[in-house]
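The values are calculated or read from the model by the stated rules, or taken from the named source; none is laboratory data. Since the model is a prediction, treat every value here as computed from it, not as a measurement. So basically every Cβ, Gly included, is an ideal-geometry build from the backbone, and we count neighbours across all protein chains shown.
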Number of protein chains: 2
Amino acid sequence: MNPDKLKIAILGGTGNIGEGMVLRLALQNLMTDGVKNEVIIGSRSRETADEAAKQALLELGNCGFDTSKIIITGNTNLEAAKAAELIILTIRFDHVLPLLDESREALENKILVTPVVPMAKEGNLFIYKPPAEGSAALAIQKKVPESTKVVAAFHNIPAGKLKDIVKCKAVHDAIVCSDDAEAKKLVMELAKNMGCLRPLDGGPLNQASIMESLTPMLINLAKLNGLKDLGMNFS
Amino acid sequence: MNPDKLKIAILGGTGNIGEGMVLRLALQNLMTDGVKNEVIIGSRSRETADEAAKQALLELGNCGFDTSKIIITGNTNLEAAKAAELIILTIRFDHVLPLLDESREALENKILVTPVVPMAKEGNLFIYKPPAEGSAALAIQKKVPESTKVVAAFHNIPAGKLKDIVKCKAVHDAIVCSDDAEAKKLVMELAKNMGCLRPLDGGPLNQASIMESLTPMLINLAKLNGLKDLGMNFS
């Protein structure tokens, strides 16, 4: 892995949370100490991904950033995973496991980041619905090759604030869990340089169930208390 | 229940988190819009509880507060529960269920507040260990009379900041869950007037497992990231 130019695939990168991640990760190329990278948006359709990549570059240009140093491309989820060294799964849990089956070979020796939250609606509120393994993170780890380093992160980042690259100065805490110390460190560095996150070490991967369960809680808290696009801070 | 003078028992009130709760609740008698109350500290030994009550009054007096309007007494957990209208369980989970058995009659028609977190140590870190019912709150609800209104609250309040009634201006979020709307409202009002908490409606009691699981996470985050006495904020 070449830390001077990290290839990052954001599978499901055309979705709500993926969009902000693409912008914030791509912008790190303009920072003195960001991890230099190439962002590949993955989607079910290559055309949709391609279009999202063009839109992201356009938006960064419109904000006044020098896009000549920024690389954002689009591809199918499978091709994006093949090309990348670090893969972020911004995909609904029920679509994740089939996609991992399909792209198993592409995951060998890669870092796989899961912000995936299995949840369901019960009445007006959301509840956490972990699989038998205890969490999406542990179900994912069971599914991927042994050489894949699974990192749980970015579950509780408010999508609206993440996307708002110019105005949003709010800093939220991003808990990162993994059994692989090096992969965890790299993801914490990426998070730090997103400009709106304070990464916190959340311990080993089996702690991810708590982070996953926070997402339905944040949605419910917002709904029940007239709040919006909630993030978390610990102090 | 007379809202002009609410009798509150804090079972296990001589412990770390109980101590701050006693002080903050008793102080509401000096506020224009606080719920006027009488605080009864419960403990396994009446003498220990009595001594803690005297110490609390002394501390409030030393801080310059007019203690003539403040009532804090001590008693056994059982007698405290009998005397109170609202009972707060600041007790370890493994001691809670036997105590509820013993004081079953005293719980009829009362509000029972649980900040109880079932957790265990695994290596250097804590993990959440809910009972078969899914959470301590649901196990407690199953145990008590049907007329008892169970409210889950105060799981994630940093004890040190809660105790520091003079200096601590930090405001943390306190999520409150219950199936009884009126009991939830009263506990949210008590929380608000503690002076360092913003109460948030967390929905029904079956949401309590998430709040309970946050406590080991906060302890782990503090340990892993060199932080201390962590509370939470949602924004």
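This table checks each residue for (1) more than 28 Å from A:Asn225 (Cβ to Cβ); (2) surrounded by fewer than 18 Cβ atoms within 10 Å (Cβ to Cβ); (3) touching an Asp or Glu at 6+ places or on another chain (Cβ under 8 Å); (4) hydrophobic (A, V, I, L, M, F, W, C).
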residue: A:Leu100; (1), (2), (3), (4): yes, no, no, yes
residue: A:Lys121; (1), (2), (3), (4): no, yes, no, no
residue: A:Pro131; (1), (2), (3), (4): yes, yes, no, no
residue: A:Glu146; (1), (2), (3), (4): yes, yes, no, no
residue: A:Pro158; (1), (2), (3), (4): no, no, yes, no
residue: A:Asp180; (1), (2), (3), (4): yes, yes, no, no
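A:Glu79 meets all of the listed conditions (1) in a loop (DSSP other than H, G, I, E, B); (2) over 29 Å from A:Lys129 (Cβ atoms); (3) under 18 Å from the mean Cα position of the chain (by Cα) but one, namely (1).
Here is the figure for segment B:161-216: residues that are part of a helix (DSSP H, G or I), more than 30 Å from B:Ala56 (Cα to Cα) and either away from every other protein chain (no Cβ under 11 Å) or of a type in the set (Ser, Thr, Tyr) (or both) total 4. Among the residues here, B:Lys163 qualifies as surrounded by 16 or more Cβ atoms within 10 Å (Cβ to Cβ), among the charged types (D, E, K, R), in contact with a helix residue (DSSP H, G or I) (Cβ under 6 Å, 6 or more places away or on another chain) and at pLDDT below 95. Under the condition of being outside any helix (DSSP H, G or I) and at the interface with chain A (Cβ under 8 Å from one of its Cβ atoms), the residues counted in segment B:217-235 number 7. Looking only at segment A:118-129, decide whether some residue is over 20 Å from the mean Cα position of the chain (by Cα) and closer than 22 Å to A:Met21 by Cβ. Taking every residue of segment A:118-129 in turn, at least one turns out to be over 20 Å from the mean Cα position of the chain (by Cα) and closer than 22 Å to A:Met21 by Cβ. Can we say B:Ala106 is in contact with a strand residue (DSSP E or B) (Cβ under 6 Å, 6 or more places away or on another chain) and assigned to a helix (DSSP H, G or I)? Judged against the criteria, B:Ala106 is not a match.
Restricting the search to segment B:55-68, which residues are surrounded by 15 or more Cβ atoms within 10 Å (Cβ to Cβ) and part of a loop (DSSP other than H, G, I, E, B)?
The answer is B:Phe65, and nothing else.
Of the set (1) crowded, with 22+ Cβ neighbours inside 10 Å; (2) free of Cβ contacts under 8 Å to residues at least 12 places away in the same chain, all apply to B:Gly226 but (1). Can you find, within segment A:35-54, the residue that is modelled with the lowest pLDDT among those that are under 22 Å from A:Leu86 (Cβ atoms) and surrounded by fewer than 19 Cβ atoms within 10 Å (Cβ to Cβ)? This residue is A:Lys36. Inspection of segment B:19-31 identifies no residue that is touching a residue at least 60 places away in the same chain (Cβ under 8 Å), in contact with a strand residue (DSSP E or B) (Cβ under 9 Å, 6 or more places away or on another chain), surrounded by fewer than 20 Cβ atoms within 10 Å (Cβ to Cβ) and assigned to a loop (DSSP other than H, G, I, E, B). Residues in segment A:129-156 that are away from chain B (no Cβ under 13 Å) and assigned to a loop (DSSP other than H, G, I, E, B): A:Pro131, A:Ala132, A:Glu133, A:Val144, A:Pro145, A:Glu146, A:Ser147, A:Thr148, A:Ala153, A:Phe154.
Which residue, of B:Leu200, B:Leu186, is in contact (Cβ under 8 Å) with a residue 40 or more places away in the chain and crowded, with 16+ Cβ neighbours inside 10 Å? Just one listed residue meets the conditions, B:Leu186.
Which of the residues belonging to segment B:66-95 are of a type outside the set (Lys, Arg) and within 30 Å of A:Pro204 (Cα to Cα)?
B:Thr90, B:Ile91, B:Phe93, B:Asp94, B:His95 - these are the residues of segment B:66-95 that are of a type outside the set (Lys, Arg) and within 30 Å of A:Pro204 (Cα to Cα).
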